[in-house]
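Below is one structure, written out as structure tokens; the observations come after it.
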Amino acid sequence: MSTSGTFTFTDNVDSYHVYVHWDCYPTGAAEYLEATLQAGKVWELPRFEADEFSAGFVATVKNNGGNVRLVNGTIEQGNHDYDYHVFKVNHELSVSVSSGGIHNVLFIGSLKDFIERGAALLEE
């Protein structure tokens with residue numbers, strides 16, 4: 001069975017939403033986000049534009065038909081397992097992770113911390 005998730009990328013102007021059909025458990029999501037940062041398809045920080053980052057995320061993660069889709073917003077809970085919200089605070093990217101709805105926050109902190117250790121802590 002797949003573990004799906006939505007990824008929301010937000011800046012001062014707008015939010016963009018991407019649905020990923022599998023491997024969206026926290027360590028998988030951390031791997032997707034780290035791969036996006038390392039692929040050279042997004043601006044280097046401190047520059048962060050949500051539309052550009054979400055495009056780089058899709059270009060990095062989409063590997064075949066059906067696994068990645070653009071959506072108009074976070075999709076109804078029950079249709080996916082996790083919500084990831086990536087945004088910039090000062091000069092650093094942050095992420096919040098929720099499951100079972102936006103009110104059940106499992107993690108909030110820097111994207112760097114999430115990639116390095118936060119994702120694994122969520123799965124213990």
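With respect to the conditions (1) modelled with pLDDT under 90; (2) within 16 Å of residue 14 (Cα to Cα); (3) under 13 Å from the mean Cα position of the chain (by Cα), residue 81 falls short on a single one, namely (2). Of the listed requirements (1) surrounded by 14 or more Cβ atoms within 10 Å (Cβ to Cβ); (2) closer than 21 Å to residue 2 by Cβ, residue 100 misses just one: (1). When the residues of segment 95-124 are filtered to those that are touching a residue at least 24 places away in the same chain (Cβ under 8 Å), in a strand (DSSP E or B) and not β-branched (Val, Ile, Thr), the one that is farthest from residue 82 (Cα to Cα) is 107.
Of the residues making up segment 24-46, those that are more than 17 Å from residue 110 (Cβ to Cβ) and either among the small types (Gly, Ala, Ser) or over 12 Å from the mean Cα position of the chain (by Cα) (or both) number 6.
The values are calculated or read from the model by the stated rules, or taken from the named source; none is laboratory data. It should be emphasised that the depicted structure is a prediction, and the values quoted were computed from it without experimental measurement. Glycine also receives a Cβ, built like all others from the backbone with ideal geometry; neighbour counts cover every protein chain displayed.
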